[in-house]
Amino acid sequence: MRTKRTAGAGTAAVLVVALVSAVGADSAGAVAGFGDVADGRYFTEAVQWMVDEEITAGVSATCFATSRETSRGEAAAFLWRSQGEPAPGGAHGFVDVEKPWQQDAVAWLADEEITTGTSPTTFSPERPLTRGEFAAFLYRLEGEPAPGGSHGFVDVVKPWQQDAVAWLADEEITTGTSPTTFSPER
């Protein structure tokens, strides 16, 4: 049951920066109490926002893990929390979602048609989230707005990624990993 959500492109931009762009931070600084989030990095404000909004508490009280990949289960929880932890309409039906903290988040994503899983019976919560998957999640979270044009990335070839990546580019949420690539499988 698709409903209009209120995340806004600004929320999407912050989540993108915090979840898929924060790679390779040095250990100087202690933004949001995390020793691995240096002040002044391109992801510093996004991490602080996620902490302030209670979307994440990091992997520990002192570590955000900026160079660790985000799992599909973690991304589900982040998106769900960013929307105020809405009650799902029913069970998700995925046999591989076992962690208690992922249950409502994944069920809500499925209920809102933000995800259909990696198969009809699996969500793959422990698998790293790809840039293409996250683009699709954000696009669906926003209600699948019409993109203004083409994305121009030569490596975005899957049909389900086209409008999502074009929308991210239109909203200036992404510029890709180069002027001609988005790296959707990374």
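Against the list (1) touching a His at 6+ places or on another chain (Cβ under 7 Å); (2) in contact (Cβ under 8 Å) with a residue 24 or more places away in the chain, the condition Ala164 fails is (1). Among the residues of the range 131-176, the ones that are within 20 Å of Glu113 (Cβ to Cβ), open to solvent by 30 Å² or more (accessible area, probe 1.4 Å), in contact with a helix residue (DSSP H, G or I) (Cβ under 9 Å, 6 or more places away or on another chain) and not in a helix (DSSP H, G or I) come to 5 in all.
Filtering the range 70-89 to residues that are out of contact with any Asp or Glu (no Cβ under 6 Å at 6 or more places or on another chain) and outside any helix (DSSP H, G or I) leaves Thr70, Gln83, Gly84, Glu85, Pro86, Ala87.
Across the range 53-107, which residue is surrounded by the fewest Cβ atoms within 10 Å (Cβ to Cβ) among those that are touching a residue at least 60 places away in the same chain (Cβ under 8 Å) and among the aliphatic types (A, V, I, L, M)? Going through the qualifying residues, I end up with Ala75. Comparison of Ala105, Ala87 shows that the only residue that is under 30 Å from Ala30 (Cβ atoms) and out of contact with any His (no Cβ under 6 Å at 6 or more places or on another chain) is Ala105. Tallying residues that are under 16 Å from the mean Cα position of the chain (by Cα), over 18 Å from Arg72 (Cβ atoms) and of a type in the set (Gly, Ala, Ser) within the range 167-186 yields 2. Note on the range 91-130: residues that are part of a loop (DSSP other than H, G, I, E, B) and at negative phi amount to 23.
What are the residues in the range 107-149 that are more than 17 Å from Phe78 (Cβ to Cβ) and in contact with a Ser or Thr (Cβ under 8 Å, 6 or more places away or on another chain), if any? Across the range 107-149, the qualifying residues are Gly117, Thr118.
The single residue among Ala12, Ala28, Ala22 that is more than 25 Å from Trp108 (Cα to Cα), under 14 Å from the mean Cα position of the chain (by Cα) and either open to solvent by 30 Å² or more (accessible area, probe 1.4 Å) or modelled with pLDDT under 90 (or both) turns out to be Ala22.
If you filter the range 32-52 down to residues that are part of a loop (DSSP other than H, G, I, E, B) and over 17 Å from Phe78 (Cβ atoms), you find that the one that is least open to solvent (accessible area, probe 1.4 Å) is Ala38. Taking the range 108-130 as the search range and keeping residues that are of a type outside the set (Lys, Arg) and more than 17 Å from Ala91 (Cβ to Cβ), which one is surrounded by the most Cβ atoms within 10 Å (Cβ to Cβ)? Taking the candidates together, the pick is Leu129.
The values are calculated or read from the model by the stated rules, or taken from the named source; none is laboratory data. Keep in mind the model is a prediction, meaning the values are calculated, not measured. Heads up, the Cβs are rebuilt from the backbone with ideal geometry, glycines too, and the neighbour counts pull from every protein chain shown. Keep in mind that these areas ignore ligands, DNA and RNA; they rest on the heavy atoms of the full protein, side chains included. Shrake-Rupley method; radii C 1.70, N 1.55, O 1.52, S 1.80 Å.
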